[in-house]
1. Using Cα atoms only, what is the angle between the long axis of helix 167-179 and the major principal axis of the chain, expressed in degrees (0 to 90) to the nearest 10?
2. Translational D (Stokes-Einstein, µm²/s) of the chain at 4 °C and 1.567 mPa s when Rh comes from the Kirkwood sum over C-alpha pairs?
3. Can you give the FRET efficiency to the nearest 0.05 for residue 261 and residue 298, using r as the Cβ-Cβ distance and R₀ = 41 Å?
4. Work out, step by step, the length gained on full extension between residue 238 and residue 224: first 0.36 nm times the residue separation, then minus their alpha carbon distance; give nm to one decimal.
5. With n ≥ 4 as the cut-off for DSSP H runs, can you work out [θ] at 222 nm for the chain, using -39500 (n - 2.57) per run divided by the number of residues, rounded to the nearest 500?
6. Can you pull the Kirkwood radius for region 220-305, inverse mean 1/r over Cα pairs, to one decimal in Å?
7. With a ≥ b ≥ c taken as the square roots of the eigenvalues of the C-alpha gyration tensor of region 33-133, please select rounded if a/c is under 1.5 and otherwise prolate if a/b is larger than b/c or oblate if it is not?
8. Pick from 260, 154, 167: which residue has the top mean-square fluctuation in a GNM of the chain where Cα pairs under 10 Å get a spring?
Ligand code: AVJ
């Protein structure tokens with residue numbers, strides 16, 4: 001996608017979200033350069049357990065995971081949706097390489113910067129692993145991956161990215177994922193699990209206030225890229241976690257009556273009105289299996305960390 005198309009899409013989605021009541025902004029736009037940097041800080045903050053738990057799975061459960069991935073020993077394409085810096089998947093790739101497994105690595109991301117980074121860091125670490133970066137939307141690139149090779153596919157969707165969808169959106173996503181794969185393919189998909197509600201809320205309402213900056217940064221990005229005039233001081237971060245639904249939500253609350261301009265569009269904010277910024281949905285193991293079964297997958301096991309706070313679910317097509 002060329003930059004002009006991106007800006008048009010970004011603008012349209014921002015205006016559509018802020019024209020709704022209650023107002024919404026899509027959290028997928030959190031990740032510009034500043035947002036990437038803030039998310040790195042979140043991942044290393046003591047209150048945010050998610051990354052540490054999944055990393056533990058990718059270090060302590062590797063034998064189990066590689067066995068599932070290698071399967072009958074036939075060559076495969078390891079496809080990663082939203083690889084980031086491969087912080088977790090690199091452990092799997094290293095182990096597969098050590099075992100002299102025949103596979104290609106195909107990271108798919110909407111961000112060219114993420115893929116450039118992978119192209120410079122991975123080859124020196126794993127010189128024998130073929131890497132084919134795919135820049136674009138997940139499903140468009142998954143269709144393209146079929147033409148890259150006829151190998152069976154192993155798809156990684158890590159980091160609880162699926163958590164940024166509502167339960168309903170996740171079902172739609174899993175259905176589409178299933179449609180893009182063939183019998184025998186494998187999916188490893190990360191789900192953050194329900195746990196003590198205070199642990200969850202603290203992870204998204206951290207004492208250092210990084211999550212607040214992470215949310216406010218989207219307003220700043222709108223100012224920069226869409227000629228907005230948000231005053232960031234007018235907005236305050238709020239986070240809720242509801243144990244009954246597993247929904248953890250972030251909001252920005254407007255502290256006064258304001259009119260914000262984005263290009264030629266005026267958006268009216270009443271005092272105490274909020275923008276729903278992000279959902280991070282939590283699941284229990286039963287709901288994960290249900291997600292698999294109702295969308296055509298066969299659940300073959302959940303790999304979990306020692307605290308059982310996070311699960312990488314393994315599903316066969
Ligand atoms: C990148 C989607 C896994 O929802 O836990 C972290 C993003 N938001 N803190 C998550 C995030 C606030 C994160 N994921």
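Bear in mind that the values in this text are calculations on the coordinates, not laboratory data. Worth saying up front: this structure is predicted, and the values here are computed from it rather than measured. Note: ideal-geometry Cβ built from the backbone for every residue, glycine included; neighbour counts use all protein chains shown.
1. That helix lies at roughly 40 degrees to the long axis.
2. Values: Rh = 20.6 Å.
In µm²/s, the coefficient is 63.
3. 0.20
4. 2.7 nm
5. Value at 222 nm, helices only: -12500 deg cm²/dmol.
6. 16.0
7. Here region 33-133 falls in the oblate category.
8. Checking each option, the largest mean-square fluctuation is seen for 260.
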